[in-house]
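Down below is the structure, laid out as structure tokens.
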Amino acid sequence: MTKFIQQSHPGTFAFSLPLFQGEASEVTPMWTQIEGMQHAIANLTKENPQLFAKGYHLMCHSQGALACRAYVMKTPSHGVVNLISLSGPHMGQYGAKNLVPIFPNTSREDAWAILYTPTAQKHFTAAGYWNDPFHQERFLEYSTFLPVLNNYTNNPDAAAFKSNFLQVKQVYLFGGPQDVVIAPWQSAFFGFFHPRSDVDVIPMEEQAVYTGDYFGLRTLASSSRLVATPVANVEHVDWITKQSLFTTYLEPLLI
């Protein structure tokens, strides 16, 4: 992705954060990863004040897209102009592919018993945003990341999270029905399964986080600052590997 940006915008400073790669991305709690992002970006802006004087764009993929939104919501005066999310599980994940690296023999139907425990929340990254539609009470009680980020809980930082999120100029959401990694794929657009269903999906506009404007989604949408773009026939990794997608959908957002 960095290569695509440098080719299309020669001379533009494009930097990929080399944080929590490989196994570390699977076993490091999300809030710890967000703190790492805060330190890394703070150092970058301190070392390059002129480059960041007018802000910067943040383009992130998959779990990284969720982490980038959390970074924005948790960081005052973050300076992000466009937040570009590529297939990010913003309403959580209920797909078996996330379980394979750590729990290869566990079905998604049974995963809640493992993931909604203090031990898993501390040692398995995806446990923080594992959202089982059949065990919502356990999700809200034990998940230490997504319920807090989406302001479902009595979060003392809820007002700050919303204020920080609304500092972004534009939020762009991308994903599509052929993405079999994010489940449901509509999670990339703040949609998710109906409680006690793994078939029926409630779209963003009918989700409580939107209707209640928990962290600013409705405010952004009402001012045309939230743009959702589903794209058919795009697999999960295509967003970061296919230059044609970058040229068509992403390059115009980086001006």
Val81 passes all but one of the listed conditions (1) touching a helix residue (DSSP H, G or I) at 6+ places or on another chain (Cβ under 7 Å); (2) not in a helix (DSSP H, G or I); the exception is number (1)
Could you check, for segment 3-11, whether at least one of its residues is closer than 26 Å to Val148 by Cβ and either touching a Pro at 6+ places or on another chain (Cβ under 7 Å) or free of Cβ contacts under 8 Å to residues at least 40 places away in the same chain (or both)?
no
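Tally the residues that are charged (D, E, K, R) and buried (at least 24 other Cβ atoms within 10 Å of the Cβ), restricting the search to segment 70-89.
First, pick out the residues of segment 70-89 that are charged (D, E, K, R): 74.
When the remaining residues are screened for being buried (at least 24 other Cβ atoms within 10 Å of the Cβ), the result is none.
The qualifying residues number 0.
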Of all residues in segment 229-255, which are in a loop (DSSP other than H, G, I, E, B) and open to solvent by less than 50 Å² (accessible area, probe 1.4 Å)?
Val231, Val234, His236
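Out of the residues in segment 1-26 that are in contact with a Ser or Thr (Cβ under 6 Å, 6 or more places away or on another chain) and open to solvent by 50 Å² or more (accessible area, probe 1.4 Å), state the one that is nearest to Tyr129 (Cα to Cα).
The selected residue is Glu26.
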What residue, among those in segment 183-227 that are in contact (Cβ under 8 Å) with a residue 12 or more places away in the chain and polar (S, T, N, Q), is surrounded by the fewest Cβ atoms within 10 Å (Cβ to Cβ)?
Ser197
What residue, of Thr119, Thr153, Thr144, Thr75, is among the hydroxyl-bearing types (Ser, Thr, Tyr) and closer than 26 Å to His236 by Cβ?
Thr144
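State which residue is least open to solvent (accessible area, probe 1.4 Å) when the search covers only segment 27-43 and only residues that are touching a residue at least 60 places away in the same chain (Cβ under 8 Å) and among the β-branched types (Val, Ile, Thr). Walk me through it before giving the result.
So in segment 27-43, the residues touching a residue at least 60 places away in the same chain (Cβ under 8 Å) come out as 27-31, 33.
Now restrict to residues that are among the β-branched types (Val, Ile, Thr): 27-28.
Values: Val27: 51, Thr28: 21 Å².
The qualifying residue least open to solvent (accessible area, probe 1.4 Å) is Thr28.
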Residue check, Leu149 against (1) out of contact with any helix residue (DSSP H, G or I) (no Cβ under 6 Å at 6 or more places or on another chain); (2) under 20 Å from His78 (Cβ atoms); (3) touching a residue at least 12 places away in the same chain (Cβ under 8 Å), all met but one. Which one?
(1)
Checking Lys46 against (1) of a type outside the set (Gly, Ala, Ser); (2) in a helix (DSSP H, G or I); (3) open to solvent by less than 80 Å² (accessible area, probe 1.4 Å); (4) farther than 25 Å from Gln243 by Cβ, only one condition comes out false. Which one?
(3)
May I ask you to list the residues in segment 166-194 that are out of contact with any strand residue (DSSP E or B) (no Cβ under 8 Å at 6 or more places or on another chain) and modelled with pLDDT of 95 or more?
Leu166, Gln178, Asp179
I'd like to check which helices (runs of 4 or more DSSP H) are fully inside segment 90-181 and have at least 3 residues that are closer than 26 Å to His57 by Cα and open to solvent by 10 Å² or more (accessible area, probe 1.4 Å).
158-165
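The values are calculated or read from the model by the stated rules, or taken from the named source; none is laboratory data. Nothing here was measured: the structure is a model prediction, and the numbers come from that model. Because the Cβ atoms are built from the backbone with ideal geometry, glycine has one as well, and the counts that use them run over all protein chains shown. These accessible areas exclude ligands, DNA and RNA; they are computed on the full protein's heavy atoms, side chains included. Shrake-Rupley method; radii C 1.70, N 1.55, O 1.52, S 1.80 Å.
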